[in-house]
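In what follows, a structure is listed as structure tokens, so that the remarks can point back to it.
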Amino acid sequence: MPIERVTTLCFAASYAVAMIFELVHQYRPRPIMRLFSTIAGGAGLFAHSVFLLVQRPGLSTQFGSLLLLAWIVAVFYWFGSLHRSRSSWSLFALPLVLGLVLLAVVWTPMGTATTIPVVQNWEQFWGILHGSLLLLAGVGICVGFMASVMYLVQAQRLKVKTPPGKGIPLLSLERLEVMNRRALNLAFPLLTAGVLVGAILMLQEGVLERGWLDAKVIGSLVLWGVFVLLLYLRYGAHLPGKRLAILTIVAFALLLITLVSPSTHFAP
Amino acid sequence: MMLLVVGTSFNKMDVSLRERLSFNEASLPRALDEINARYDCETVILSTCNRVELYVGRSTVDSGGWPLSEAETGARLFAEFLAEFHNLPLVEIEPYLYSHHDAEAVRHLFRVVSSLDSLVVGEGQIAGQVKRAYELAVERACVGPLLHALFQHARTVGGRVRSETGIAQGHVSISSLAVDYACQVFDRFDDKTVLVIGAGKMGALTLRHLRSLQPRRILVTNRSYAKAEEVAKECGGKPLPWDQLDEALVQADIVLSTTGAREPIVDRARYANVLPKRNGRAIVILDIAVPRDFDPAIHDGDRTCLFNIDDLKRIRERTLADRRQHIAAAEHIVEQEKIRFLKEWNRRKNGAIITRLTEDVTSKRLAILDRLRRQLDDEISPEAWQRIEAALRLFQNQILHGPISALAENAREHGSHDHYLLDALRKLFRLQD
């Protein structure tokens, strides 16, 4: 099959198949199921990479940003599934990857898609840097989100005193908390830098006053505010892990809203 | 194949008699050597605290020695050996012994190694014990083709049962469960503090398990400072005065409480004062004291994970009940593997006879052809020779087809029990061993 013909359906289907094998493995553990799941997931990641390389969807579009974010999470998923084969990492990562891909499909551009431009001037460079920083912050939030969901499941199991080893294997609360903390500690400076670069760009383009009213800009600022709150609650108020996990999930929801919000003032 | 298992286990014989029948490190090699010398058979002795079993076998039926074909005689012979070796009257042990032969013996070993015949179904120790018994017999050169194949297959069966069913899921000892819970909360222990409250004997095993996690430090407190010092000395910890309990609770990550106090020593109000000073750090409290030392209301599954003795016992029962649900699936695997082993063994056993038979008939055919060639060399063309050779090959194949098919059918229908056909073939075709 020519690589130009790789579509979102190819990798979405591969991820879905990987998910099915993973679910079967959880129900009836068989090493072969885990192997099939990893192969299907790897095939999905390969098709996803080919699609991004060939189609080069623009970072500033909902479609492009969601697909790129899904791709980075898929990389995390795939390497996680290889290195943490005993835990249920894939079971939490795959739905997120699939969800992001499906969300991207909803925003598939009509007609000619905007592609990643070749950097020709400083303005474009700063634009790409702004998008990349926000995207990498998004990856941190996604990892934090997965760790938080796992944390809540594990905490619930401990609360009701489920026998150890029963149900899906999960990492310890401490490990999940560290994963969440590291992901957010990494995401915050990236998000801050992304927002600052965005502000400078708005200043240069002379759209500072009306630019603040853009849904994407508002979303990013609210997300930054939630981050500040999260960091304060973690390091200042020593909030319990469960509440921090819930707040991280809120941050993730905000990220999704920001990603799918249409930009009214900035053309893609 | 002639295989026999003679022995006893926890559900047949009382521990007082079982311990007299067991083999220790010194007597086990001696017993192996003695069986080998007396009966010239392959032997593995499995001796654990729950069972004593002799696995004896021969690959072929015609090697003489003890009359294993008469199963009951064989069983009695080894029952006598057990009694004689341990200086016990046969009448005292015989009613409590069981014996299994051939296919049933294979099934029995597969059930044992899968811990289906264990006191605690699904326990993991037995697989290692069977492996060590086999290795010791190999070291003493007491294992031949049959027991090599059987015990290696048994290892695979044990692994399959454990990985494909939930029979070995979870722990069932209180101390292991306590450690499992600590591992669900914490990832590493080299930066953790364990606090031991009280000096109850109940906690000794749990503390030993916790120490195996290599925590950074162990604090010990007790109403009697002298007792705290004593426990601290035993476990390499630091004693603390009783009035510093709250401070210790602030520092601790894992608490093991085993006091004999009649009332809870840490109620909700007292713990509410400790909690804010912990800066949101999680704590695992293992309250194995009866009556309980900690108010169960402090458990939230996030910052405070409290497990008392009732929780741990309830979880143990649930784990055992869960394991029991997998017994049918495990038995099915055992049955499958028993059939597979017997088929493989029969194929192997028949394979040797078929090879000998084919080689014998082939050598005879070639000898006849050779003689014929010498007699009629000039009179027959090369094309005609080729036809004669092909015709004799076809004749050989047709002659052998009957016996070979009969062997396969016999193995399918009667397994390894029926040796008459093999004996008949040996005699009819004058096959040498």
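If you rank A:Val260, A:Val228, B:Val255 by fewest surrounding Cβ atoms within 10 Å, what's the result?
Values: A:Val260 18, A:Val228 12, B:Val255 23.
Going from sparsest to densest Cβ surroundings: A:Val228, A:Val260, B:Val255.
As an exercise, use a Förster radius of 30 Å and the Cβ-Cβ distance of A:Leu229 and A:Val178 to find the FRET efficiency, rounded to the nearest 0.05. Write out the running numbers ahead of the final one.
Values: r = 20 Å, r/R0 = 0.68.
About 0.90, to the nearest 0.05.
Please find, in a Gaussian network model of chain A (springs between Cα atoms separated by less than 10 Å), the residue of A:Pro31, A:Pro164, A:Pro189 whose mean-square fluctuation is greatest.
A:Pro164
Only counting other Cβ atoms within 10 Å, I'd like B:Tyr98, B:Tyr55, A:Tyr232 sorted with the fewest neighbours first. Please report the intermediate quantities before stating the final value.
Numbers: B:Tyr98 15, B:Tyr55 29, A:Tyr232 11.
In increasing order of surrounding Cβ atoms, one gets A:Tyr232, B:Tyr98, B:Tyr55.
From the phi of every residue in segment B:99-111, what ³J(HN,Hα) in whole Hz does the Karplus formula 6.51 cos²θ - 1.76 cosθ + 1.60 yield, where θ is phi - 60° and glycine or proline is x?
9, 10, 10, 6, 4, 5, 5, 4, 4, 4, 4, 5, 5
Can you compute the FRET efficiency between B:Arg76 and B:Arg216 using 1/(1 + (r/R0)^6), with r the Cβ-Cβ distance and R0 = 60 Å? Round to the nearest 0.05. Working shown, then result.
Values: r = 61 Å, r/R0 = 1.01.
For B:Arg76 and B:Arg216, the calculated efficiency is 0.50.
With a ≥ b ≥ c the root eigenvalues of the C-alpha gyration tensor of the protein assembly as shown, is it rounded (a/c under 1.5), prolate (a/b larger than b/c) or oblate?
Values: a/c = 4.01, a/b = 1.43, b/c = 2.81.
Oblate.
State the Cα centre-to-centre distance between segment B:299-341 and segment B:160-223 in whole Å.
18 Å
Which whole-number percent gives the relative contact order of chain A, counting Cα pairs below 8 Å spaced six or more residues apart?
Numbers: 312 pairs, mean separation 51.6, N = 268.
So the answer I get is 19 percent.
Given an 8 Å cut-off on Cα distances and at least 6 residues of separation, report the relative contact order of segment A:1-108 as a percent.
On the way: 124 pairs, mean separation 34.6, N = 108.
So the answer I get is 32 percent.
Using only the alpha-carbon atoms, how far is helix B:125-139 inclined from the longest principal axis of chain B? Give it as 0 to 90 degrees, nearest 10.
The two axes meet at around 50 degrees.
In sequence order, what are the phi-derived ³J(HN,Hα) couplings for segment B:298-309 according to the Karplus relation 6.51 cos²θ - 1.76 cosθ + 1.60 with θ = phi - 60°, rounded to whole Hz, with x for glycine and proline?
Values, residue by residue: 7, 5, 10, x, 10, 7, 10, 10, 10, 10, 9, 4 Hz.
Please arrange B:Met2, A:Met33 by counting, for each residue, the other beta carbons lying within 10 Å of its beta carbon, fewest first.
Working: B:Met2 26, A:Met33 18.
Least crowded to most crowded, the residues run A:Met33, B:Met2.
Long-range amide H contacts for B:Leu195: which residues qualify at under 5 Å (H placed 1.01 Å from N, peptide plane, sequence gap of 5 or more or a different chain)?
Residues meeting the amide H criterion: B:Leu219, B:Asp253, B:Ile254, B:Val255, B:Leu256.
Can you tell me, using C-alpha contacts under 8 Å and at least 6 residues apart, the relative contact order of segment B:261-345 as a whole percent? Don't skip to the end; give the middle numbers.
On the way: 62 pairs, mean separation 21.9, N = 85.
Result for segment B:261-345 is 26 percent.
Cross-link partners among lysines for B:Lys12, C-alpha distance below 28 Å, same-chain residues fewer than 8 apart left out?
Correct list for B:Lys12: B:Lys131, B:Lys313, B:Lys338.
What ³J(HN,Hα) values, in whole Hz, does the Karplus curve 6.51 cos²θ - 1.76 cosθ + 1.60 give for segment B:182-192 when θ = phi - 60°, with x put for Gly and Pro?
Once θ is set to phi - 60°, the couplings for segment B:182-192 become 4, 6, 7, 9, 10, 9, 10, 10, 6, 10, 10 Hz.
Taken together, the values in this text are just the output of simple stated rules run on the coordinates, not laboratory data. If you're wondering where the values come from, they're calculated on a predicted model, not measured in any experiment. Cβ sites come from the backbone with ideal geometry, for glycine too, and all protein chains shown count toward neighbours.
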